Each structure stands twice: as C-alpha cells, then as structure tokens.
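Engineer: Mind looking over this structure? Questions follow.
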Amino acid sequence: MAETTRSAGTASPAPARRARGARTTRPKAAVPPDDAAALVGHYRQMLLIRRFEERAARAYTEAKIGGYCHLNLGEEATVVGLMAALRPTDYLFTNYREHGYAIAKGIGADRVMAELYGRSTGVSKGWGGSMHLFDAEARLLGGYGIVGGQVPLAAGAALAVSYKGGDEVVMCHMGDGTTAIGAFHESLNIAALWDLPVVFVVINNGLGMGTTVERSAAEPELYRRGAAYRMESARVDGTDVVAVREAARTAVERARSESRPYLLETVSPRLKGHSVVDPARYRSAEEKEALKAADPLARLALELAEAGILSHDDRDRLDAEVTAEVDAAAAFADASPAPDVSTLFDYTYATPVPGELRRLPADPVFRS
C-alpha cells in the first residue's frame, strides 16, 4: 500500500515541487491476501468506469450527449477507493466530473447513461445531463457545475446530520482549482469550528483546466491547507486504489466517531483533457507517455496478476462482462424517451412555492 503523507493540522515547509502529473512515492508492497475478493471487486468496478467513460466519449462524438461532458478516465482508483470507504447511508457531493462516482455509489450504469443522453429514465429525469447527476435514494446529492458550489452545501448537510444526532458522514469531492475560491476556505473554517462530520476530498489531477497547480497555488501540496483550520489532513497516491481506500477509511472513521472534519488530497492525473472537447495540447509527448505508464487500471491488473489473484483469462472475462453491461446501458439510453416539456419545472423546488414562475422562453410575459 502506498505511503500516505499526513498533517496533524500544522504546516511545515513545502518540499521541492513535483513535475506536473507526478505521483506521490510508493514503496513496493504485496497485495494483502485476505483482501483478494475485495480487490477483484475494485478492479471490476474500475474497469466498468473505464469502459463506461470510453463509451460516453464515443457517444458525445455521435451527438447523443450534449452540453459539457467531463470524464473520470485515469481517476478510477480514486473513485473506487473513496466510495469503498462509505456506507450506503453516507452522503456524497461531487463536482461535474462525477459519472464514475455515481456508478460506484450504486447507481446503475443504465440510469447514468440515460441521464447523459438526456432521457427521462436518467437519474435526474433527463433534465440534469452529465454535470448534474442526483439520486436521493443513493444519497448522491449532486453533481454541481459551478466550481466549488457543492462545498458549502456539503457543510450544511453535515450540520444537519450533527443537529439530528445521526452517524452518517458527508463526503465532498472537488478539483484542485476549487481550493483557491472563497467558499472552500469558508466551508473548512465553519466545519472545523462546529465539529462537522464531513470529509473534504481534493482530487488533484495537476491541472485546473490547462493551468498547472504549481502555477496557480503558492502551496501546491493542497492538503496542507487544512492546517489553517487545525484540521487533520493527508495526501495519498490517487492511482493506488488500496492506498486511497485506507486513507479514506481513516478520514471517514474520524468524521463518524469524533464528528471532526478531515481534508484528504488524492494525486490523480487524468488521462485526457479537461472535457471531451479538450485535446490537451498543453501536455508534452513525454507527459502523455508518463500518464500512460501511471494508468491505475493497468497497474492494479499487474499487481493482481503478480499476486496470483487475477489471471489473464479472468481479466478477459471481466472485460467482456463490463463491456456487455455498458453496451446494455447505451441501448437502454437510446431506447428511452426524452422528457416531456411539461415536466421542465417539476423539480425546481423541493416543496411547492407560491407564485413560482413556470414561463417558457417563448411564452408571453402576461397572459390574457
């Protein structure tokens, strides 16, 4: 398991800055033998997310998916490791790069794909699209398109849990760019002041769109920002699913048992551009090759093979299974109807609001 860098709430001088896309160092370790079944399950889920996102990219080029579309390609180990640390009753807030999180939280790939296609069978009834997945039953409370928009809401949900005396934990993930906005600091401050059971997770893929973290952050090791709020924090290799899972378990257990917030940073380079339309020309050929070499899916497959846990035939079988599942999800989305325009305002408010505006763009301002 990878070594996790920790802070007990006090910052120390930053070490020399790493090159873009570099990972935290990791000693070679054997796969825990008693964890074999869980690791195969993690591999399958990572593979499912990879094939789903590849199919989503293809569907976008076929004009079956509209709007913006951001993929978890290269971040599968982080996604699966984080979700493995949560109970089904725990809450999750995400940013707009959330397809894999929805699947790993237990939402069917068919309903996620249908939402990407804008169909009424999708998780948000076809009105949310790629960036706004939501499922109250699965306790996935969004998908948010505004950078950092989910962070104060996650703190509010944690306050509600604390107020009711519940044992649920709120996990809120965000990109590295979010750590520079005011809402991030305000939310961490109030979470620490009020002892809220929330785990803030920074998915550091090294780039805020096309700007490197080193160019945009005076302290590029983002977990150190927790020290300003006396908040325990840690940094972990996001390409190692076991390391992420164990670091997330530590953070979640602290939030659950002590009702204390936690800041976790996962270093998780993305394999592609910021969105499906970004060719990532800001990356050199050397950087692209380094990213391929750090592919978390290939890495886990190799480790499982070396441990005698997953054979080549097993990998082929799992690949066939998840490919069929993704094909079925795409067929389901294709066959599903678009939402009726009459439902456009059905979910604007959680409860009825007197005088709620339901005028469509072409409707007159005043009706006779």
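The values are calculated or read from the model by the stated rules, or taken from the named source; none is laboratory data. Since the structure is predicted, the reported quantities are computational estimates derived from the model, not experimental observations. All Cβ positions, even for glycine, are placed from backbone atoms using ideal geometry, and neighbour counts span all protein chains on display. Please note that ligands, DNA and RNA were not included when accessible areas were found on the heavy atoms of the full protein model with its side chains. Shrake-Rupley method; radii C 1.70, N 1.55, O 1.52, S 1.80 Å.
Engineer: State which residue is farthest from ARG139 (Cα to Cα) when the search covers only the stretch 74-93 and only residues that are touching a Leu at 6+ places or on another chain (Cβ under 9 Å) and assigned to a loop (DSSP other than H, G, I, E, B). Working first, answer last.
Structural biologist: To start, the set of residues in the stretch 74-93 that are touching a Leu at 6+ places or on another chain (Cβ under 9 Å) comprises 74-77, 82-83, 86, 91-93.
In the following step, the residues that additionally are assigned to a loop (DSSP other than H, G, I, E, B) were identified as 74-75, 86.
Values: GLY74: 25, GLU75: 21, LEU86: 11 Å.
Once the filter is applied, the top-ranked residue is GLY74.
Engineer: Let me ask something else about it. Determine, yes or no, whether LEU39 is at pLDDT 95 or above, open to solvent by less than 10 Å² (accessible area, probe 1.4 Å), in contact with a helix residue (DSSP H, G or I) (Cβ under 7 Å, 6 or more places away or on another chain) and not in a helix (DSSP H, G or I).
Structural biologist: When the stated conditions are applied, LEU39 does not pass them.
Engineer: Quick one: which residue in GLU303, GLU356, GLU287 is open to solvent by 40 Å² or more (accessible area, probe 1.4 Å), farther than 19 Å from LEU116 by Cβ and not in a loop (DSSP other than H, G, I, E, B)?
Structural biologist: On the way: GLU303 fails: open to solvent by 40 Å² or more (accessible area, probe 1.4 Å); GLU356 fails: not in a loop (DSSP other than H, G, I, E, B).
On inspection, the qualifying residue turns out to be GLU287.
Engineer: Next question. Just one of (1) out of contact with any strand residue (DSSP E or B) (no Cβ under 6 Å at 6 or more places or on another chain); (2) open to solvent by less than 40 Å² (accessible area, probe 1.4 Å) trips up PRO261, so point out which.
Structural biologist: (1)
Engineer: A follow-up question, please. Return the residue satisfying two criteria in turn: it lies in the stretch 327-353 and is in contact (Cβ under 8 Å) with a residue 24 or more places away in the chain and assigned to a loop (DSSP other than H, G, I, E, B), and of such residues it is least open to solvent (accessible area, probe 1.4 Å).
Structural biologist: Per the criteria, the residue is SER336.
Engineer: Still on this structure: Looking only at the stretch 311-326, decide whether some residue is outside any helix (DSSP H, G or I), under 25 Å from ALA136 (Cβ atoms) and at pLDDT 95 or above. Quick ask: steps written out before the conclusion?
Structural biologist: Let us first name the residues in the stretch 311-326 that are outside any helix (DSSP H, G or I), namely 311.
So of that shortlist, the ones also under 25 Å from ALA136 (Cβ atoms) come out as none.
No.
Engineer: Here is a follow-up. How many of the residues making up the stretch 226-258 are over 16 Å from PRO197 (Cβ atoms), surrounded by fewer than 24 Cβ atoms within 10 Å (Cβ to Cβ) and of a type in the set (Val, Ile, Thr)?
Structural biologist: Total satisfying the criteria: 1.
Engineer: Same structure, new question: Just checking, does the stretch 190-204 include any residue being over 22 Å from VAL169 (Cβ atoms) and at pLDDT below 95?
Structural biologist: Scanning the stretch 190-204 turns up no residue that is over 22 Å from VAL169 (Cβ atoms) and at pLDDT below 95.
Engineer: Out of the stretch 167-194, which residues are of a type in the set (S, T, N, Q) and surrounded by 21 or more Cβ atoms within 10 Å (Cβ to Cβ)?
Structural biologist: Quick first cut of the stretch 167-194, residues of a type in the set (S, T, N, Q) only: 178-179, 187, 189.
THR178, THR179, SER187 - these are the residues of the stretch 167-194 that are of a type in the set (S, T, N, Q) and surrounded by 21 or more Cβ atoms within 10 Å (Cβ to Cβ).
Engineer: If we scan the stretch 195-204, do we find a residue that is among the β-branched types (Val, Ile, Thr), open to solvent by less than 10 Å² (accessible area, probe 1.4 Å) and part of a helix (DSSP H, G or I)?
Structural biologist: Scanning the stretch 195-204 turns up no residue that is among the β-branched types (Val, Ile, Thr), open to solvent by less than 10 Å² (accessible area, probe 1.4 Å) and part of a helix (DSSP H, G or I).
Engineer: Hey, among TYR96, TYR101, TYR60, TYR144, which residue is closer than 26 Å to ARG235 by Cβ, of a type in the set (Ser, Thr, Tyr) and part of a helix (DSSP H, G or I)?
Structural biologist: One residue alone meets the criteria, TYR101.
Engineer: Go through the stretch 205-224 and give me each residue that's open to solvent by 20 Å² or more (accessible area, probe 1.4 Å) and touching a helix residue (DSSP H, G or I) at 6+ places or on another chain (Cβ under 6 Å).
Structural biologist: Result: GLY208, single match.
Engineer: If you don't mind, another one. Kindly indicate the residue of the stretch 253-292 that is under 16 Å from the mean Cα position of the chain (by Cα) and of a type in the set (D, E, K, R) and also modelled with the highest pLDDT among those meeting that condition.
Structural biologist: GLU265
Engineer: Go over the candidates GLY175, GLY149, GLY143 one by one and state the one that is touching a Leu at 6+ places or on another chain (Cβ under 8 Å) and either within 23 Å of LEU207 (Cβ to Cβ) or charged (D, E, K, R) (or both).
Structural biologist: GLY143
Engineer: Can I ask one more? Please verify whether GLY118 is in a loop (DSSP other than H, G, I, E, B) and over 20 Å from ALA338 (Cβ atoms), treating the condition exactly as stated.
Structural biologist: no
Engineer: Out of all the residues in the stretch 157-166, which are of a type in the set (Gly, Ala, Ser) and either more than 12 Å from ILE190 (Cα to Cα) or open to solvent by 40 Å² or more (accessible area, probe 1.4 Å) (or both)?
Structural biologist: ALA157, ALA160, SER162, GLY165, GLY166, listed by residue number.
Engineer: Among the candidates ALA290, ALA362, ALA331, single out the residue that is hydrophobic (A, V, I, L, M, F, W, C) and over 28 Å from LYS64 (Cβ atoms).
Structural biologist: ALA290
Engineer: Pairs needed: first member in the stretch 225-237, under 16 Å from THR78 (Cα atoms); second member anywhere, in a loop (DSSP other than H, G, I, E, B); C-beta distance under 6 Å; at least 6 residues apart or different chains.
Structural biologist: Close Cβ pairs (under 6 Å, with a partner that is in a loop (DSSP other than H, G, I, E, B)) amount to ALA234/THR4; VAL236/THR4; ASP237/ALA2; ASP237/ARG23; ASP237/THR24; ASP237/ARG26.
Engineer: Being farther than 20 Å from ALA191 by Cα, open to solvent by less than 10 Å² (accessible area, probe 1.4 Å) and either in contact (Cβ under 8 Å) with a residue 24 or more places away in the chain or under 17 Å from the mean Cα position of the chain (by Cα) (or both) is the requirement here; does HIS132 meet it? Walk me through how you get there before you give the answer.
Structural biologist: Details: farther than 20 Å from ALA191 by Cα: yes; open to solvent by less than 10 Å² (accessible area, probe 1.4 Å): no; either in contact (Cβ under 8 Å) with a residue 24 or more places away in the chain or under 17 Å from the mean Cα position of the chain (by Cα) (or both): yes.
So HIS132 fails the test.
Engineer: Which of the residues spanning the stretch 96-120 are in contact with a Phe, Trp or Tyr (Cβ under 7 Å, 6 or more places away or on another chain) and open to solvent by 20 Å² or more (accessible area, probe 1.4 Å)?
Structural biologist: If the condition is that a residue be in contact with a Phe, Trp or Tyr (Cβ under 7 Å, 6 or more places away or on another chain) and open to solvent by 20 Å² or more (accessible area, probe 1.4 Å), then TYR96, ASP110 are the ones that fit.
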